[in-house]
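Just so it is clear, none of the values below were taken in a lab; they were calculated from the coordinates. Small disclaimer: the values here were computed from a predicted structure and weren't measured. All Cβ positions, glycine included, derive from the backbone under ideal geometry; neighbour counts span all protein chains shown.
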Amino acid sequence: MNPAKSLLPQALHTLTRIAELGRPGTMSTLIPRRRIEQFSATAAITVTLFAGIAIHLTSVMPSVAAALFFVSLLTSNLVSRGWTILVAAVASTATIIPSLWQYYAAGSDQAIVTPEQLLWVGAYWMASALLIWNPRRRSLGIETLRDAFEHAPTPTALTDIEGRVIHANGAFAELIDQPRASLPGSHLNDLLGDETWSEGLEDRNRLTSGEPDFICFQRDFSRHDGLLVSASIYIRLLKDHSGEPSYAVVQVHDLTEQRDTQEALVASESRFRGIIENTEQMTLVVDSEGTISYANPIATRLLAPAVAGEELRDTLSGVSCSSLIHEADRAEFDRRLEQTYREPRETLILSNVRLAQDERIYLDIQLTGLGETPGIEGTVINCRVVTDQVRAEQQLKDSQSTLSTIFHASPDAIMILRDDDSTIIDFNTGFTRLLGYTREEAVGLPESDLNIWADPTDRERVLNGLREQSELLDCETQLVAKNGEIIDAEISVRYVELDGKLCVLCIGRDITKRREAEVALSESEEKFARIFSATPDGIVTVNLKSGEILDINDAFLLASGYERDELVGKQLGELPIFGDGNEFQRASDMIADTGSIQNLEITLRTKRDELVPALISATVVELNGERTLVCIAKDHSEQRHTEEQLRRSEERFRGAFENAPIGMLLVDPDGNIFQANHFALDLLDYTESILLGSHISRLVPMEDRAALKESLGQLLHRDESISRTERRMVCHNSMEIWTNYHVVLQRNEHGEPLYFIVQIGDITEIKHSREQMQRMAFYDTLTDLANRRLFSDRLEQAVEHSTRSGNFAALLYLDLDQFKRVNDTLGHEAGDELLREVARRLSNCVRKEDTVARPGGDEFTILLYDISDPGDAGRVAEKILEELRAPVTISGHPLVVTTSIGITIIPTDSVHSNVLTKNADLAMYRAKERGRNTYRYYSEDMNTLALRRLETENELREALVNDEFELFYQPKVRLVDQKIIGVEALIRWHHPTRGMIGPDEFIGIAEETGVIVEIGNWVVRTACEAAQRFGKRNGEPIQVAVNISPRQFRDPNLTTTIRRCVRESGIEASQIELEITETMLIDDAEAASVTIERLHDLGLRIAIDDFGTGYSSLNYLKRFPIDTIKVDRSFVMDIPESADDMEITAAIIAMAHGLKLEVVAEGIETAEQLGFLTDHGCEYGQGYYFSRPVPFGDAEKLLDPRVSLLRKPRRRPSA
């Protein structure tokens, strides 16, 4: 409640009492009519006034202080009016001094004067006005009241009883923004709103009768300047000595600032909360104990899973903030947190702090102490996830390290200049090798100070080209080394940005050798032309198709004696230039067979009929699109003949090179490309002008360049001359392709390297297909986990590593519990989605170096490498169980996945992978037998149990053949007269070596192996035969109950088998009662419904066995044609000791009767149990109280009408 509202009525009531004291005769009742001496009055005033001041300053009881101030006012009125005004002023000052002191001395940010203090001040001045009033007049002294109102800080007006203003103080005029002179005579409705006085008049009658002390209401009104004012208005009528109202005192308290402040506060709080709640930054408030008291949603979502040892939380409140921090960073975090308590309002920063639950997550944390902030204490912690930033910074460092290594290891000269002043920032050792300058000599100097340009105009040409194109590639120039040597160089320049500054990257390489090679090539071509024209050997070119001579050199004409026109255009075979026609034919045949001849000895005939022995070499080439035979006649000049052959060979090579259907590059020993065929240019998307002269390393990714350099170096410095590999190459458009990369090093006759022949073929598609096939071969396509093949390989590696190092490893075998139910109910797509989610969670539970695999189905395997002790595997298994326990939504259905885990330790349990797999599988099945959702370590006794189980499986199949099974029968008794009306057939196994075996020891194994179907069919057939014989012996039909196993219930031939057995035995179908469990109906309700309907249509009776222990549901009792409910013995055995079991049993009986079902109670052993069941209307019962299960012969005797059952309790037999 607003204290101002509760205080104002009290103040107005006090003012009324003071006004009444001024009436004739009233004062005489309070103060004796005698003259009070001025000294005594002054003393009384002083004492009460200072007592009130002291109480106000201590802020103990403000109301007591106010009472003392009012006593001072009453006493002062008996002295003089001046004293009354003085006391009112002192009381008002004392009231507001505490707030002034708090504001100026204590630094408070609260308002200077509270509304409560303003009301008390107004009350003091109103009281002084009333006391100054002349009691001898019929009504109040207007002038006197005016004097009192003038000094009141509260806006106050005196009106007549019609609401017209008689007088208003300055505060009132200022509040409504009206001149004081215009107020007298104005109506309150005109000043404070149209309904102000009307609202006051509604309660005037009650006010006149004295029921309320005042009228109070709130309203908003518009001032003269249009400003909207919110105010509390208080009206009190003043009465004369006759009790008639004469005036009204109206006080107006301005609430506008308070309203605006509250609205601003609400808006501020809303904005603050909106910012905090919706920011992407985590915000925590931690108290002085280090416990989280507030966390915004993003912090709760990201940090709640990191609370160690607890299930998933939806709040962080109450959690120790320190527990969320990784232990390596926790001490520093605690120290900084403690520092915020000692140094409030200081902001401390922690960077790259890791979380306890996942050390891969990094945070930047800002801690700010709250100090003495009202209502809040402790520290505000703002966190920002910077995992990606930390990784990026590390990658940047690695990248910078790699680039630095490449920068300094590059054989090319690399220099970096600042663009604005050409200052050298850095250069590599390649620059030092090229020009001889060290870093100490040149870094920091302007590049122009080195005078490295042989021709200064080249520098301007390069700079102009850089400014126009932003880069200039492969520009040839000459540079001056430190020692003055002129070096032919090829340079490339481009703009780069380093640390936010524009720089120029310069790359240069020495092309002196390339220039020399080009000069040599030019000289070689000139030499070839001179040789062709001036060679002493005769050269003849012949069109191979027509045999016509195309051209003849001068040497041949000179040697043969013919003129050119005598030979050119003539048929070669028709000319008499061969000494022996057979030699010409032989040469022609050789050319036809091989396409060329070399150093063929032949005799030529000159025009002068001279025979000249010569060595003829000829080859077929394509000149101008025609196949041409080039013949060289060498007269005893083997060297010249060899040069001619070399020229022809080069032409052939050039033709093969240019037209090869594979990319081919010629690379000099320094790695520079000096020739490329068209296929290579098209494949790499380069033009010849750009590619030629580039270094071969430019065509491979940065990270592969070191390996490329190494492979070329091996060819240069070893005897090997061929290298084949698959290599990535970078095209001019930056696209990467995979190539079949074949390099051959050509050497001269002295073994010196000449150039590399590089052949490249695009195998990108083949590579991708191969990788895809490899992934399909080793990874599961559904979950992207390792498959059985890859896991087996890694298991072998883990065994070898553990054997060699002595470290432990562990193999975990997982099988999802009840996964088949998900497939059957939600479909295989939902099952696949569940498997993918399980795979993701399993991967989150292990380290990167561990292996998670899916061999198939709902089975998973995990390989843990290098664990410190076997217990680590158990801890991982517990983590997996906890991770899978969190619900997952599949196809709109929330599911909880559980798993059974088997663990085997390497090399303790075995060093053979197949044995380890079998061990883990055995341990997994033991975990399932323990109730699922747990894990078990492998032990040797599991092998024993497994062998025993395997023996039992084999013996079960032989038992059917050897007729080792027998049915025992336990009577079912009508409880009213204890007459046997039926029996339950129970199977026993006469084992040849182990003796009599109960069903608990072999039924489970038979169920798992499927033998249960054959055993169940035998039981049905034998029970039908027994029912026929019992009925014949008893003279009336006897009902036989048979238990149906889950596997047998799902057998599609069940109905056919039972129909045949009933027909062959000659009994009525109603004599057979089939007992099934609740679980068999629930697991697959649709299939169960079909089977139950078919069995019911045969006339068989259906009973629910062990009712109350499974999925009990009234729904399926209504849905299926059930005849009987059998109450499980676990509810009967503790009657009458257990009141709960009695209530449950009674409820089952009542429910069954309500559904028109019969009830059979199992396990009756005492007369008390029999009496309870009979009293509650149970129709039938079984138990040792009547008879234990007996063989067929004994059962026949029990069914004899002359044999009666015992009527007294029987002890349960020990066997």
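Let me check I've understood the local charge: for ARG875, count other residues with C-beta under 14 angstrom from its C-beta, Lys and Arg +1, Asp and Glu -1. What total comes out? Neighbourhood net charge equals -4. The magnitude of the dipole of region 410-510, with charges of +1 and -1 set on the Cβ of Lys/Arg and Asp/Glu and taken from the Cα centre, is near 140 debye. Counting neighbouring Cβ atoms within 10 Å and putting the fewest first, the residues CYS321, CYS506 line up as CYS506, CYS321. The calculated FRET efficiency for the pair GLN478 and ASP419, based on their C-beta separation and a Förster distance of 25 Å, comes to about 0.55.
Note that region 532-658, at 4 °C in a medium of 1.567 mPa s, gets a Stokes-Einstein diffusion coefficient of 89 µm²/s from its Kirkwood radius over C-alpha pairs. Listing VAL983, VAL542 from fewest to most neighbouring C-beta atoms within 10 Å gives VAL542, VAL983. Beyond 26 Å in Cα-Cα separation lie the following of the pairs LYS709/LYS767; LYS513/LYS709; LYS820/LYS1156; LYS397/LYS482; LYS482/LYS709; LYS482/LYS513: LYS820/LYS1156; LYS397/LYS482; LYS482/LYS709. Sorted fewest first by neighbouring Cβ atoms within 10 angstrom, ASP565, ASP784 come out as ASP565, ASP784.
Computed over Cα pairs, the Kirkwood radius of region 645-717 leads via Stokes-Einstein (1.002 mPa s, 20 °C) to a diffusion coefficient of 159 µm² per second. For region 779-938, the direction-averaged projected area of the alpha-carbon convex hull comes to 8.5 nm². With N as its number of residues, region 410-510 has a Cα radius of gyration that, divided by 2.2 N^0.38 Å, comes to 0.98. Computed from label points 7 Å out along Cα-Cβ, the spacing between THR1056 and ARG647 is 9.6 nm.
When the convex hull of its Cα atoms is viewed from all sides, region 951-1199 shows a mean projected area of 13.4 nm².
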